[in-house]
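Trainee: Right, I'll just put the structure down here and ask away after.
The values are calculated or read from the model by the stated rules, or taken from the named source; none is laboratory data. Just so it is clear, the structure is predicted and the values come from calculations on it, not from any experiment. Counting neighbours? That spans all protein chains shown, and the Cβs are built from the backbone with ideal geometry, glycine included. Heads up: the accessible areas ignore ligands, DNA and RNA and are worked out on the full protein's heavy atoms, side chains in. Shrake-Rupley method; radii C 1.70, N 1.55, O 1.52, S 1.80 Å.
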Amino acid sequence: MTARPWIPTRRRLADTFVAAIAPVCACVLALGGLSAWAASGNAGSPPRIGVTHARLYLPSTGVPETAAFFRITNTGGAPDRLVRVTSPAVAGPIALSRHKMNKGSSAYRQIADTLPIPAGSTLDMSPFTTDVTVPVTRRWKTGDLVPFTLHFEYGGSIEALAVVVRPGLNDG
């Protein structure tokens, strides 16, 4: 039996066209939808991090650590995380921490590897939520400015000057 060559008949061409039109239409429709979504700004944007309201508690005499607080705003369309904080004015390790409550209404500090900053939200550090634990290595006075660099997973590094304040002022 001899194989007959394929001959492009009108019926074969119509069947081929019908078989190919569905995937082609689906691809065009998907590409058009994604293009419209991206053009309208809904495809997301990278994190846009801003740091304000930076303050450092005036350390009490004889206490080896104090706390720094920052208001971190993410106006971007993607979440980010604060991964570490550094300062040329501080010798020793600076730690991120969360405050947790015990059953007896006392609080304790829990070291945090990172602090999340969801898209479109603000992380407002306070003595009741999160902070940056800073070893006391200098004799700071109220009103001093202490430089810090906040390092984010995606948003890069942002420098901030924290003003030294007495504890209890502007805690919330």
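Trainee: What is the magnitude of the charge dipole of the stretch 18-127 about its Cα centre, with +1 placed on the Cβ of each Lys and Arg, -1 on the Cβ of each Asp and Glu, and no other charges, expressed in debye to the nearest 20?
Mentor: On the way: 9 positive and 4 negative charges, 60 e Å.
Approximately 280 debye in magnitude.
Trainee: Taking all protein chains together and a probe of 1.4 Å, list VAL83, VAL164 from the most accessible to the least accessible.
Mentor: VAL83, VAL164
Trainee: A further question follows. Fully extended, how many nm does the chain gain between GLN110 and HIS53 (0.36 nm per residue separation, minus their Cα-Cα distance)? All intermediate terms of the calculation are to be shown ahead of the outcome.
Mentor: Working: separation 57, 0.36 × 57 = 20.52 nm, distance 2.29 nm.
Once the chain is fully extended between GLN110 and HIS53, it gains 18.2 nm.
Trainee: Based on the Kirkwood radius over alpha-carbon pairs, what value in µm²/s does the Stokes-Einstein equation return for the translational diffusion coefficient of the stretch 113-172 at 20 °C and 1.002 mPa s? Mind dumping the intermediate values first?
Mentor: Values: Rh = 13.6 Å.
Approximately 157 µm²/s, per Stokes-Einstein.
Trainee: How do ASP15, ASP131 stack up against each other in accessible area, from largest to smallest, with a 1.4 angstrom probe?
Mentor: Working: ASP15 80, ASP131 10 Å².
Result of the area sort, largest leading: ASP15, ASP131.
Trainee: Alpha carbons only, please: Rg and Dmax for the stretch 37-128, in angstrom.
Mentor: 16.5, 58
Trainee: Follow-up. Please report Rg (one decimal) and Dmax (integer) in Å for the Cα set of the chain.
Mentor: Final numbers for Rg and Dmax: 28.7, 103 Å.
Trainee: Follow-up. Could you give the angle, 0 to 90 degrees to the nearest 10, between helix 10-39's Cα long axis and the longest principal axis of the Cα atoms of the chain?
Mentor: The helix 10-39 is inclined about 20 degrees to the chain.
Trainee: For the stretch 74-139, which semi-axes, largest first and in whole Å, follow from the square roots of 5 times the eigenvalues of its Cα gyration tensor? List each step's numbers first, then the result.
Mentor: Numbers: eigenvalues 99, 78, 17 Å².
In descending order the semi-axes read 22, 20, 9 Å.
Trainee: Ok, one more. Compute the distance in nm between two label points, each set 7 Å from the Cα along the Cα-to-Cβ direction, one at ARG139 and one at GLU159.
Mentor: 2.8 nm
Trainee: From largest accessible area down, sort VAL163, VAL18; use a 1.4 Å probe on the protein chains.
Mentor: Values: VAL163 50, VAL18 100 Å².
Descending order: VAL18, VAL163.
Trainee: Let me ask something else about it. So if each residue of separation counts as 0.36 nm, and I subtract the Cα-Cα distance between VAL28 and THR2, what length gain in nm does that give? Can you show the working numbers first?
Mentor: Numbers: separation 26, 0.36 × 26 = 9.36 nm, distance 4.17 nm.
Using 0.36 nm per residue and subtracting the Cα-Cα distance, I get 5.2 nm.
Trainee: Next up: Return a whole-number percent for the relative contact order of the stretch 59-167, with Cα pairs under 8 Å and 6 or more residues apart as the contact set. Each step should come with its number before you reach the end.
Mentor: Values: 226 pairs, mean separation 38.4, N = 109.
The normalised contact order for the stretch 59-167 reaches 35 percent.
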